[in-house]
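Novice: Quick one: structure below, then a few questions.
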Amino acid sequence: MDRFVQDRRLVQRHTLKTPIRVRVWKSNVPEHRAESLNISECGIYFATDSPLHEGETVEVLLKMPQEITGEPTTEWRCTGHVVRVEPVDSPKGKLGVGVRFDCYEVSRSQPVEVAVGVSAPSRVLSRLVR
C-alpha cells in the first residue's frame, strides 16, 4: 500500500497574497476584487465573497510577481476554469476558489526607438503580448 499521496501539481505553488480582479467570462456581472492565497504559472487559489461555481470560466487579472516567473513583474490576463470551491477559515465566511489557467496573455512594456520626421528618435512604449 502506498503510504504517500502523490502531488498532481506540475509546477511549484507559491504562498503569495496579491490583489487580483476576477470576473465570470461573458457575463454582465461586474468584476470583483479579491486577494490570492497561493499562485503558480498554471493556476491560482483565492478567497472571495462572490459565489463562483465549479466549471465556470473566469478571467483573472493580476500583476504576476517575479518570484513566480523569474521575469520582471508583468500584467497577466488569465482565463481559466474554476476547479474547486470551498469555505475558507475566515470570520467573514469567504469562499476559497481554485482556478486552473487555460490560457493567458502577458502585457509587457519595453522601450522602442522610433524615428519621427527628421528629429532624433523618441522613446515610446510598445505592448508585447505572449
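Novice: Which of the residues spanning the stretch 78-130 are of a type in the set (A, V, I, L, M, F, W, C), modelled with pLDDT of 75 or more and either surrounded by 13 or more Cβ atoms within 10 Å (Cβ to Cβ) or out of contact with any Ser or Thr (no Cβ under 8 Å at 6 or more places or on another chain) (or both)? Steps first, answer last, please.
Specialist: Kept after step one, since they are of a type in the set (A, V, I, L, M, F, W, C), are these residues of the stretch 78-130: 78, 82-83, 85, 88, 95, 97, 99, 101, 103, 106, 112, 114-116, 118, 120, 124-125, 128-129.
Imposing the further condition that a residue be modelled with pLDDT of 75 or more reduces the set to 78, 82-83, 85, 88, 95, 97, 99, 101, 103, 106.
Listed by number, the residues that qualify are Cys78, Val82, Val83, Val85, Val88, Leu95, Val97, Val99, Phe101, Val106.
Novice: Among Thr69, Thr73, which is modelled with pLDDT under 90 and farther than 17 Å from Phe101 by Cα?
Specialist: Working: Thr69 fails: farther than 17 Å from Phe101 by Cα.
After ruling out the rest, the residue left standing is Thr73.
Novice: Something else now. Any idea how many residues of the stretch 13-30 are without any contact (Cβ under 8 Å) to a residue 24 or more places away in the chain and of a type in the set (A, V, I, L, M)?
Specialist: Pass one, the stretch 13-30, residues without any contact (Cβ under 8 Å) to a residue 24 or more places away in the chain: 15, 17, 27-30.
Those still in the list that are of a type in the set (A, V, I, L, M) too: 29.
Qualifying residue count, the stretch 13-30: 1.
Novice: Right, here's the next one. So, in the stretch 51-68, exactly how many residues are open to solvent by less than 60 Å² (accessible area, probe 1.4 Å), on the phi < 0 side of the Ramachandran plot and more than 12 Å from the chain's Cα centre (by Cα)?
Specialist: We begin by selecting, within the stretch 51-68, every residue open to solvent by less than 60 Å² (accessible area, probe 1.4 Å); these are 52, 55-62, 64-65, 68.
Those left that are additionally on the phi < 0 side of the Ramachandran plot: 52, 56-62, 64-65, 68.
Applying the additional criterion that residues be more than 12 Å from the chain's Cα centre (by Cα) yields 52, 56-57.
Summing the residues that are open to solvent by less than 60 Å² (accessible area, probe 1.4 Å), on the phi < 0 side of the Ramachandran plot and more than 12 Å from the chain's Cα centre (by Cα) in the stretch 51-68 gives 3.
Novice: Does Leu61 satisfy being out of contact with any Lys or Arg (no Cβ under 9 Å at 6 or more places or on another chain), of a type in the set (A, V, I, L, M, F, W, C) and either in a loop (DSSP other than H, G, I, E, B) or touching a residue at least 24 places away in the same chain (Cβ under 8 Å) (or both)?
Specialist: On the way: out of contact with any Lys or Arg (no Cβ under 9 Å at 6 or more places or on another chain): no; of a type in the set (A, V, I, L, M, F, W, C): yes; either in a loop (DSSP other than H, G, I, E, B) or touching a residue at least 24 places away in the same chain (Cβ under 8 Å) (or both): yes.
So Leu61 does not fit the description; no.
The values are calculated or read from the model by the stated rules, or taken from the named source; none is laboratory data. Computed from a prediction, not measured in an experiment: that's the story for all the values here. Here Cβ is always computed from backbone atoms with ideal geometry, including for glycine, and neighbour counts include all displayed protein chains. Surface areas here come from the heavy atoms of the whole protein model, side chains and all, with no ligands, DNA or RNA. Shrake-Rupley method; radii C 1.70, N 1.55, O 1.52, S 1.80 Å.
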